[in-house]
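No lab work stands behind these numbers, since they all come straight from the coordinates. Everything numeric in this text was worked out from a predicted model, so none of it was measured. Here Cβ is always computed from backbone atoms with ideal geometry, including for glycine, and neighbour counts include all displayed protein chains.
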Amino acid sequence: MMPPPDPLAELDRLRLMMSQNPDALGRDLARLVLALIDFLRELLERQAVRQLDEGGITDAEADRLGDAFYALDATLDRLCAEFGLQRADLNLSLGPLGRLLE
């Protein structure tokens, strides 16, 4: 059994990474945040479709939700472009669990 990693050594490693390429760190952080937002957007869209199918929301509410999702989608595209990312970059690998947005 391997000993647990030394937290101070990990902190030093992260500091070194940040000092060597701070732009990459900012881009990676943006990628993570945008991936989480995209994941939540997808969950909310699926929930809205389910609610619409079950009669839980009106057509007018569905239209407003559709407009909101469309605006969020456009904002995600704009932010991806701002950070030099493609939407496909937001589909993070979760290791043996697969991809985030599948």
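General observations
- Summed residue charge, Cβ within 14 Å of Gln51's Cβ, Lys/Arg positive, Asp/Glu negative: -3
- Choice from Leu43, Leu16, Leu76 showing the highest fluctuation, given a GNM over the chain with Cα pairs closer than 10 Å: Leu16
- Cα gyration tensor category, rounded, prolate or oblate, for segment 42-95 with a/c compared to 1.5: oblate
- Over the chain, Cα pairs under 8 Å with separation of 6+ residues give a relative contact order of 29 percent.
- Viscosity 0.692 mPa s, 37 °C: Kirkwood-radius Stokes-Einstein D of the chain over Cα pairs, µm²/s: 199
- Inter-label distance, nm, simple model (7 Å from Cα along the C-beta direction), Gln47/Arg27: 3.3
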